[in-house]
1. What tally of residues in segment A:14-33 results from selecting those that are surrounded by 17 or more Cβ atoms within 10 Å (Cβ to Cβ) and over 21 Å from residue A:98 (Cβ atoms)?
2. Taking segment A:93-110 as the search range and keeping residues that are facing another protein chain (nearest Cβ under 7 Å), touching a residue at least 60 places away in the same chain (Cβ under 8 Å) and part of a strand (DSSP E or B), which one is surrounded by the fewest Cβ atoms within 10 Å (Cβ to Cβ)?
3. Considering only segment A:8-32, state which residues are within 13 Å of chain B (Cβ to nearest Cβ) and in a loop (DSSP other than H, G, I, E, B).
4. What are the residues in segment A:95-112 that are more than 16 Å from the chain's Cα centre (by Cα) and at pLDDT below 95, if any?
5. Could you say whether any residue in segment A:34-47 is touching a strand residue (DSSP E or B) at 6+ places or on another chain (Cβ under 7 Å) and either exposed (fewer than 15 other Cβ atoms within 10 Å of the Cβ) or more than 24 Å from residue B:96 (Cβ to Cβ) (or both)?
6. Does at least one position in segment B:5-27 carry a residue that is closer than 17 Å to residue A:99 by Cα and touching a strand residue (DSSP E or B) at 6+ places or on another chain (Cβ under 8 Å)?
7. Please verify whether segment A:63-83 includes one or more residues that are within 10 Å of another protein chain (Cβ to nearest Cβ) and either more than 19 Å from residue A:39 (Cβ to Cβ) or in a loop (DSSP other than H, G, I, E, B) (or both).
8. How about segment A:33-61: which of its residues are within 14 Å of residue A:106 (Cα to Cα) and assigned to a strand (DSSP E or B)?
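The values are calculated or read from the model by the stated rules, or taken from the named source; none is laboratory data. Treat the numbers as computed from the prediction; the structure is a model and nothing was measured. So basically every Cβ, Gly included, is an ideal-geometry build from the backbone, and we count neighbours across all protein chains shown.
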């Protein structure tokens, strides 16, 4: 079935370190791909998205490229800040009769000064 | 500012009681959703509604019920039939129009339910 796999957390990095969170997916057809972020005690909010192969989504210094050949959408940031500490969810959305979204389990990131 | 309001933020329930979680949006979105979040499991879809007076079961609908009498409102009732209701509940909405699969979900801040 359709699914999203993310690297296990928690991930702990020092401020200004490079971040990569791996995400791979399994889906029929050509889904849209998303990264959502959840700060402590809050709901999720969109970080970035890509709707077709080779698209690059970017926001707040984060980037991810839709790789159809490897079915991946890895999240990267060149220099993380303490304020980036949150849980990151990779998700795919299928073109069904409704906006069906399948989420990965989430990766918790802690950035220490 | 437009957004989604969920209430209450925290709720405690005794076993055998039904509770209702409120979700209101002023984004003029057609579609609304309820998700359940458990640690390490991501989000699982409980119910969704694409239009007023219509809703469909998601992946884990057993023990839950919803209504959609107004476009702005999509309350979730957690019934006594739900065996393990302690969780974080998230309401979301999307425009419901345009190309399917490309719409972004907008989430509320969530409601944390604890069964005593």
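1. Counting residues in segment A:14-33 that are surrounded by 17 or more Cβ atoms within 10 Å (Cβ to Cβ) and over 21 Å from residue A:98 (Cβ atoms) gives 4.
2. Here the answer is A:95.
3. Residues satisfying the conditions are A:8, A:9, A:10, A:27, A:28, A:29, A:30, A:31.
4. Residues satisfying the conditions are A:95, A:96, A:97, A:98, A:99, A:100.
5. Among the residues of segment A:34-47, at least one is touching a strand residue (DSSP E or B) at 6+ places or on another chain (Cβ under 7 Å) and either exposed (fewer than 15 other Cβ atoms within 10 Å of the Cβ) or more than 24 Å from residue B:96 (Cβ to Cβ) (or both), which makes the answer yes.
6. Scanning segment B:5-27, I find at least one residue that is closer than 17 Å to residue A:99 by Cα and touching a strand residue (DSSP E or B) at 6+ places or on another chain (Cβ under 8 Å), so the answer is yes.
7. The answer is no, given that none of the residues of segment A:63-83 is within 10 Å of another protein chain (Cβ to nearest Cβ) and either more than 19 Å from residue A:39 (Cβ to Cβ) or in a loop (DSSP other than H, G, I, E, B) (or both).
8. Of everything in segment A:33-61, those that are within 14 Å of residue A:106 (Cα to Cα) and assigned to a strand (DSSP E or B) turn out to be A:34, A:35, A:36, A:37, A:38, A:44, A:45, A:46, A:47.
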